[in-house]
Number of protein chains: 2
Amino acid sequence: MNTVSSPREVATAAADRLYYSRGIQAVSMDELRAETGLSLKKLYALFPSKEAIVLAVLHSRHEQWSAGLERAAATATTPRERVLSIYDYLLECFVSDDYRGCGFVNAFGELGATVPAVAEAARAQKVGFQGYVGKLVAAAGAPAELAPMLVLLAEGAQTTAAICGTPDAARSARAAAEALLDGARAA
Amino acid sequence: MNTVSSPREVATAAADRLYYSRGIQAVSMDELRAETGLSLKKLYALFPSKEAIVLAVLHSRHEQWSAGLERAAATATTPRERVLSIYDYLLECFVSDDYRGCGFVNAFGELGATVPAVAEAARAQKVGFQGYVGKLVAAAGAPAELAPMLVLLAEGAQTTAAICGTPDAARSARAAAEALLDGARAA
DNA sequence: TAGCCTAGAGAACGAACGTTCTCAATGCAA
DNA sequence: TTGCATTGAGAACGTTCGTTCTCTAGGCTA
């Protein structure tokens with residue numbers, strides 16, 4: 001682990017913060033320069049264009065999301081709890097008062113139709129999450145059809161928590177997931 | 001019912017089409033002028049600003065969403081089917097090959113942090129939908145805690161269908177809703 | 001026909017953006 | 001010290017956008 005971040009990491013982290021909180025097109029390169037302390041010349045030496053910065057942000061966000069999920073899963077002791085840890089991690093995210101929903105959904109809505117690489121990055125993150133949930137569901141011995149349902153609960157919770165401004169959706173999602181797991185076991 | 005649309009309706013409908021398919025900031029006033037055939041002067045006589053057009057679009061989209069839900073519910077014969085008609089309506093939406101997710105979620109992600117009125121319009125639509133689902137759930141004699149869960153399924157299905165490009169999410173959401181309704185009945 | 005009001009088409013304006021360029025300051029090799 | 005390559009700060013450029021303004025054509029009244 002490197003405690004000193006490279007300029008590229010500094011720029012990516014700052015861009016992530018700015019883009020996520022205000023929207024991508026609302027943040028100019030000049031603002032990113034001011035936030036990072038890097039010169040424009042340096043920024044354009046690190047990245048060929050703003051689009052490349054956006055893609056780097058989405059890439060790092062994908063990694064943080066996966067790491068957060070696995071960190072939450074690591075605290076669980078049973079396969080069933082590992083499935084439910086997804087919603088514990090969501091709750092963690094939601095309680096932040098500047099939570100603004102899934103960054104991939106936001107980027108897709110803003111740029112997905114204009115910048116194909118953004119749409120593809122969002123798709124990749126969703127497919128990755130679906131695969132992760134599928135693995136947890138299989139490990140818990142639950143039927144495979146349950147996985148896409150649990151995914152929908154998590155996706156819906158993110159937009160609902162963001163727009164309504166409350167973390168309640170995480171609890172509803174968790175309770176629904178429990179009910180679905182129990183129902184599948186009973187059947 | 002008026003078969004001849006007012007210029008305001010023409011502008012709102014065209015803006016809705018353009019904004020939804022490409023993103024709001026990606027569509028200039030000049031493109032809206034070209035699409036509608038109205039002059040810029042006329043557009044600015046109808047609306048004081050682009051922001052006002054965006055809000056009019058969201059308002060009309062809210063009405064279309066509610067009308068679509070009620071139209072789907074009208075074909076159902078039992079209270080339970082009326083609940084599930086939500087996901088039939090979603091499937092209707094998803095099969096359109098230019099489906100791009102919930103317009104309110106997209107607008108919120110793009111402009112919610114910059115334009116408070118957009119965030120409020122999105123919140124109002126979500127709250128309205130939650131109330132609608134709550135009424136259907138109550139009419140079906142199901143426990144009230146089910147409503148927010150069914151909402152999450154619908155919200156998640158919209159983003160998933162948009163980003164992954166398939167309408168499958170509607171079927172998963174419907175199946176999950178059925179399982180939750182059945183589980184609640186059994187309890 | 002004469003005068004006036006409306007409205008359409010698009011030029012114009014000021015601001016903001018992404019990107020590039022200038023230029024001076026710096027560090028380093030010999 | 002001299003010369004050169006690198007770099008930082010920010011001015012500059014070309015484009016695009018939202019919005020306003022100009023100018024002209026056309027229709028209505030008398």
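The values are calculated or read from the model by the stated rules, or taken from the named source; none is laboratory data. Note that the structure is predicted; figures quoted are calculated from it, not measured. For neighbour counting, all protein chains shown are included, and Cβ atoms are generated from backbone atoms with ideal geometry for every residue, glycine included. Accessible surface is based on the protein model in full, side chains and every heavy atom, while ligands, DNA and RNA are left aside. Shrake-Rupley method; radii C 1.70, N 1.55, O 1.52, S 1.80 Å.
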**Prompt:** Which Cα, out of A:116, A:83, A:143, lies furthest along the positive dipole direction of segment A:60-187 (beta carbon charges, K/R +1, D/E -1)?
**Reply:** A:143
**Request:** Please give the solvent-accessible surface of residue A:97 in Å², to the nearest 10, using a probe radius of 1.4 Å with every protein chain present.
**Result:** 150 Å²
**Asked** Mind checking which lysines have their C-alpha under 20 Å from residue A:135, skipping anything on the same chain fewer than 8 residues away?
**Response** A:126
**Prompt:** How crowded by other chains is B:96-109, given as the mean number of beta carbons from other chains within 10 Å of each beta carbon?
**Reply:** 5
**Fill in**
Checked against the positive end of the charge dipole of the protein assembly as shown (+1 on Cβ of Lys and Arg, -1 on Cβ of Asp and Glu, about the Cα centre), the farthest of B:26, B:103, A:107 is B:26
**Distance between modelled label sites at residue A:17 and residue B:52, nm, 7 Å Cα→Cβ extension** = 3.9 nm
**Request:** Ignore the peptide's own chain and count Cβ atoms of other chains within 10 Å of each Cβ in B:173-182; give me the average, rounded.
**Result:** 5
**Prompt:** What dipole magnitude, in Debye to the nearest 20, does segment B:1-82 give about its Cα centre under +1 on Lys/Arg Cβ and -1 on Asp/Glu Cβ?
**Reply:** 20 debye
**Message:** Less than 19 Å apart at the alpha-carbon level, and either on another chain or at least 8 residues along: which aspartates and glutamates does that give for residue B:50?
**Reply:** A:110, B:9, B:16, B:30, B:31, B:35, B:110, B:120
**Request:** Just reorder B:40, A:38 by solvent-accessible area, largest first, 1.4 Å probe, all chains present.
**Result:** B:40, A:38
**Prompt:** When the scattering of the protein assembly as shown is computed by the Debye formula from its Cα atoms alone, each counted once and equally, what is log10 I(q)/I(0) at q = 0.09, 0.14 Å⁻¹?
**Reply:** -0.54, -1.21
**Order of exposure, largest accessible area first, which applies to B:102, B:93 with probe 1.4 Å** = B:93, B:102
**Gap separating the Cα centres of segment A:22-100 and segment B:96-115, nearest whole Å** = 20 Å
**Message:** Under a Cβ-only charge scheme (Lys and Arg +1, Asp and Glu -1), can you give me the dipole magnitude of the protein assembly as shown about the Cα centre, in debye to the nearest 20?
**Reply:** 260 debye
**Item:** Accessible area of segment A:76-181 belonging to carbon and sulfur atoms, whole % at 1.4 Å probe
**Value:** 58 percent
**Message:** Counting only other chains, and only Cβ atoms inside 10 Å, what mean value do you get across the residues of A:144-150?
**Reply:** 5
**Message:** Using a 1.4 Å probe and counting only protein heavy atoms, how much accessible surface gets buried when B and A come together, both sides summed, in Å² to the nearest 100?
**Reply:** 3000 Å²
**Item:** Charge dipole (debye, nearest 20) of chain B; +1 at Cβ of Lys and Arg, -1 at Cβ of Asp and Glu
**Value:** 320 debye
**Request:** Quickly estimate the mean residue ellipticity at 222 nm for the protein assembly as shown, helices only: each DSSP H run with n ≥ 4 gives -39500 (n - 2.57), and the total goes over all residues, rounded to 500.
**Result:** -25500 deg cm²/dmol
**Message:** I want to verify the translational diffusion coefficient of chain B in µm²/s; compute it with Stokes-Einstein, Rh as the Kirkwood radius over Cα pairs, at 37 °C and 0.692 mPa s.
**Reply:** 185 µm²/s
**Message:** Below 8 Å, C-alpha to C-alpha, sequence gap of six or more: please give me the relative contact order for segment A:59-186 in percent.
**Reply:** 29 percent
**Fill in**
Counting only protein heavy atoms and leaving out ligands, DNA and RNA, the solvent-accessible surface of residue A:12 at a 1.4 Å probe, in Å² to the nearest 10, equals 20 Å²
**Request:** Just subtract the alpha-carbon distance of residue B:64 and residue B:96 from 0.36 nm times their residue separation and send over the number in nm, one decimal.
**Result:** 10.0 nm
